[in-house]
Amino acid sequence: MIPLSRYPLERLLDLQQQKEQIRQLELALAERERQRRESSLAAMEMKLIEELAAPVHPELLEHRARFTVALHREICSKREHLQSQAEACHQARDLLLNAGMEKKKYEVHKESHQAEVRLREQRVTQASQDEAASQQFLRQQEVYVDED
């Protein structure tokens, strides 16, 4: 039997698989950074809550007010950074999805190609079997003719 012919776009399929793996890594890194920023924000918010709940000496009230305002600004800034990181995660997810779809196209094409190759091989095999059967039949007919 003739071996299956190599898929002509195998290198492109490999490239698409590598691209998908890279996109998976990028998403994992973006998600890890988002989680880090989220933890940092939560810690800072907790610090602000603790600061506001703690008793303060009247002489330090003005310092505390400036500190809490600065902390609040930092929290707002961290929220903005967290939002931008969440958007980066969303974009990384979209890129991964697109890479997966591209890879799937090549996989489907490869399966189709292999099915066509198998069908051709079956036809060649069937044709050679038919030829062999035909030759055998003709030999048997010659034997019968010679016997008469």
- Note on the structure: Quick count over region 96-115, residues being buried (at least 17 other Cβ atoms within 10 Å of the Cβ) and hydrophobic (A, V, I, L, M, F, W, C), is 2
- Query: Mind checking whether some residue in region 71-79 is touching a residue at least 60 places away in the same chain (Cβ under 8 Å), within 37 Å of the chain's Cα centre (by Cα) and open to solvent by less than 80 Å² (accessible area, probe 1.4 Å)?
  - Reply: no
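Would you check if ALA92 is among the small types (Gly, Ala, Ser), assigned to a helix (DSSP H, G or I) and closer than 21 Å to LYS19 by Cβ?
On the way: among the small types (Gly, Ala, Ser): yes; assigned to a helix (DSSP H, G or I): yes; closer than 21 Å to LYS19 by Cβ: yes.
Considered against the rule, which asks whether it is among the small types (Gly, Ala, Ser), assigned to a helix (DSSP H, G or I) and closer than 21 Å to LYS19 by Cβ, ALA92 comes out as yes.
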- Message: Given the condition open to solvent by 50 Å² or more (accessible area, probe 1.4 Å), more than 29 Å from the chain's Cα centre (by Cα) and closer than 26 Å to CYS89 by Cβ, answer yes or no: does some residue in region 53-60 qualify?
- Response: no
- Message: From the list VAL108, VAL117, exactly one residue is of a type in the set (A, V, I, L, M) and in contact (Cβ under 8 Å) with a residue 60 or more places away in the chain. Which is it?
- Response: VAL117
- Inspect region 121-134 for any residue being surrounded by fewer than 11 Cβ atoms within 10 Å (Cβ to Cβ) and farther than 30 Å from ARG6 by Cα and give the result as yes or no. yes
- Message: Among the residues in region 31-43, are any surrounded by 11 or more Cβ atoms within 10 Å (Cβ to Cβ) and under 30 Å from TYR106 (Cβ atoms)?
- Response: yes
- Search result, residues across region 1-16 that are within 21 Å of VAL108 (Cα to Cα) and surrounded by fewer than 11 Cβ atoms within 10 Å (Cβ to Cβ): PRO3, ARG6, PRO8, ARG11
- Using the structure shown, decide if GLU142 is of a type in the set (Asp, Glu) and either open to solvent by less than 60 Å² (accessible area, probe 1.4 Å) or at pLDDT 90 or above (or both). no
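Somewhere in region 17-24, is a residue of a type in the set (A, V, I, L, M) and either surrounded by 14 or more Cβ atoms within 10 Å (Cβ to Cβ) or at pLDDT below 95 (or both)? Don't jump to the end; show me each part of the working.
Keep residues of region 17-24 that are of a type in the set (A, V, I, L, M), which gives 22.
Still in the list and also either surrounded by 14 or more Cβ atoms within 10 Å (Cβ to Cβ) or at pLDDT below 95 (or both): none.
No, that holds for no residue.
The values are calculated or read from the model by the stated rules, or taken from the named source; none is laboratory data. All figures in this text were calculated on a predicted structure; none of them were measured in a lab. Virtual Cβ from ideal backbone geometry, glycine too; neighbours counted across all protein chains shown. These accessible areas exclude ligands, DNA and RNA; they are computed on the full protein's heavy atoms, side chains included. Shrake-Rupley method; radii C 1.70, N 1.55, O 1.52, S 1.80 Å.
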